[in-house]
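S.K.: Structure below; questions to follow.
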Amino acid sequence: MRNWIRIACLLAAALCLLLTAGLADSPQPRLAFHDAVYIGHLGRQCTIAVSCRAPQLIAPGKDTFELRDHRGTVLARAQWHDPNGLMTFRVTVTEAMLGGHRLSVWRDGVQLTAEESFAAFSDLSVPRVTQLEPEVPAVALTIVCGGKSDQVEAVLAVLEKHGVKATFFMNGRFLEASTQDALRIRDLGHEIGSHGYYHSHMPAMTSYPQMRSMITRVNTCFEELLGVYPRLFRAPFSDTNEKVTALCRAEGQEDVMWNIDSRDWMEMYEKDPEELLRRVTGPEAVSGSVIQFHVNGYNTPAVLDAAIACYVQERGYRVVTVGELMALSGRELPPMPD
């Protein structure tokens, strides 16, 4: 009798193994994200859609699918009521979700999406950096590097003369055409920021992947050419919106604007540097200001020299980088992506 019981148990175990193997080897539906990039904001619902290439392998209203990120966190669950159409995951963005997520879809422990999608979740209540309130009087100098320039050494000499550091926002064109200048800026201890890959209006771009590429592609250039990862981002033309902000924060970068733009690229300042100086040292140049110059502007080195002297000697401001101004103001950088 005992032998029969043992045989029955062995047969049951073998049957379970066969059934498990059959399920594992059974064909799985192939799912695809409707979009390559999604953007969401804290406290709001973000809808993420998925399509199926083999709807006959889905039991409508019965199978439960999980939307997971690269950490394995389940962000949402959903069921497919009509496998011939789209299934939507509705994600209400929480504080724990802020940042970037590489997305995949799972059923019964099996990943069904061959290609990941990307979600950028941001907190709209945290303003991008424009003008801050530091605990000591200070202003931040920012210098945009958008193309090849013969003024880099002159600008660096002015900063060295006054013993101050600035934040240099470089785009892909500058990095690739003026790599030695970029290396010298880095080696002198100035802060490195990103200015996107091309000089294009990001809010006008027709797709989120195109927007994101402007950020990630130039980050690769920074790492390959300078060995640094920029933690600050200034959009080309300083043209930004909540989508651009979310995408750069998902990459561990803060979106930085300015409250004083020198406009030193305007031809009118070629013969009137005094007016340019008045523009950057006027009553708006208060503690907490973020001031923008361009490395290829008209009379930029001379005006920068006089402006720094005004900030330091006449007003008693410290001249710092954006990162330092943020620290003095209690502002933190977005967390780095995994």
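S.K.: In whole Hz and in residue order, list the ³J(HN,Hα) couplings for segment 164-172 that follow from phi through the Karplus curve 6.51 cos²θ - 1.76 cosθ + 1.60, θ = phi - 60°; x for Gly and Pro.
M.R.: 10, 10, 10, 9, 9, 8, 10, 9, x
S.K.: Another question, then. Roughly speaking, what is the stretch gain from Q79 to T94, that is 0.36 nm per residue apart minus the C-alpha to C-alpha distance, in nm to one decimal?
M.R.: Values: separation 15, 0.36 × 15 = 5.40 nm, distance 2.20 nm.
Full extension of this stretch gives 3.2 nm more.
S.K.: In addition: Between E135 and R44, with labels modelled 7 Å along Cα→Cβ, what's the label distance in nm to one decimal, could you check?
M.R.: Label at E135, label at R44, 3.4 nm between them.
S.K.: I've got another one for you. Using a Förster distance of 56 angstrom, determine the FRET efficiency expected from the C-beta separation of E314 and L86, and round it to 0.05. Present the calculation step by step, with values, prior to reporting the outcome.
M.R.: Working: r = 62 Å, r/R0 = 1.12.
Result of the calculation: an efficiency of 0.35.
S.K.: Ok, one more. At a 1.4 Å probe, what is the % contribution of carbon and sulfur to the accessible area of the chain? Spell out each step's value before the answer.
M.R.: On the way: 8630 of 16660 Å².
Using a 1.4 Å probe with all protein chains present, the chain comes out at 52 percent carbon and sulfur.
S.K.: Oh, and also: Between the DSSP loop rule and a limit of at most 16 other Cβ atoms within 10 Å, which GluC sites (Glu not before Pro) in segment 132-180 are left? Mind showing how you got there, number by number?
M.R.: On the way: sites: E135, E153, E160, E176; in loops: E135.
Listed in order of number, the matching sites are E135.
S.K.: Taking only protein heavy atoms into account and a 1.4 Å probe, give the accessible area per residue of segment 189-338 in Å². Intermediate results must be reported in sequence, preceding the final value.
M.R.: Numbers: 6340 Å² over 150 residues.
For segment 189-338, the per-residue accessible area is 42 Å².
S.K.: Under 5 Å between amide H atoms, partner at least 5 residues away or on a different chain: which partners does L112 have, H built in plane at 1.01 Å?
M.R.: V105, W106, R107
S.K.: Something else: What FRET efficiency comes out for the pair S125/L188, r = Cβ-Cβ distance, R0 = 45 Å, nearest 0.05? The partial results should precede the final answer.
M.R.: Working: r = 37 Å, r/R0 = 0.81.
Once the sixth-power term is evaluated, E becomes 0.80.
S.K.: Under a plain spin-label model, where a point goes 7 Å from the Cα along Cα-to-Cβ, how far apart in nm are D63 and Q111?
M.R.: 1.8
S.K.: Hey, another quick one. Relative contact order, percent, of the chain when contacts are C-alpha pairs under 8 Å separated by at least 6 residues?
M.R.: Values: 684 pairs, mean separation 64.6, N = 338.
Dividing the mean separation by the residue count of the chain yields 19 percent.
S.K.: If you don't mind, there's one more thing I want to ask. Would you kindly work out the equivalent ellipsoid of segment 226-338 from its C-alpha gyration tensor and give its semi-axes, the square roots of five times the eigenvalues, largest first in whole Å?
M.R.: Numbers: eigenvalues 158, 60, 29 Å².
Ellipsoid half-lengths, sorted descending, are 28, 17, 12 Å.
S.K.: Take the alpha carbon atoms of segment 218-239, find their center, do the same for segment 108-136, and report the distance between the two centers in whole angstrom.
M.R.: Segment 218-239 and segment 108-136 have Cα centres spaced 17 Å from each other.
S.K.: Could you work out [θ]222 nm for the chain from helices alone, using -39500 (n - 2.57) per DSSP H run of at least four and dividing by all its residues? Round to the nearest 500 deg cm²/dmol.
M.R.: Numbers: 9 runs with 99 residues, N = 338.
Mean residue ellipticity at 222 nm (helix-derived): -9000 deg cm²/dmol.
S.K.: Check cross-link reach from K165 to the lysines: straight Cα distance under 25 Å, and skip same-chain residues fewer than eight apart.
M.R.: K148
The values are calculated or read from the model by the stated rules, or taken from the named source; none is laboratory data. In this text the structure is predicted, and so the values were computed from the model without any measurement. Note that we place each Cβ from the backbone using ideal geometry, even for glycine, and neighbour counts take in every protein chain shown. What goes into the accessible areas is simple: the full protein's heavy atoms, side chains included, and nothing from ligands, DNA or RNA. Shrake-Rupley method; radii C 1.70, N 1.55, O 1.52, S 1.80 Å.
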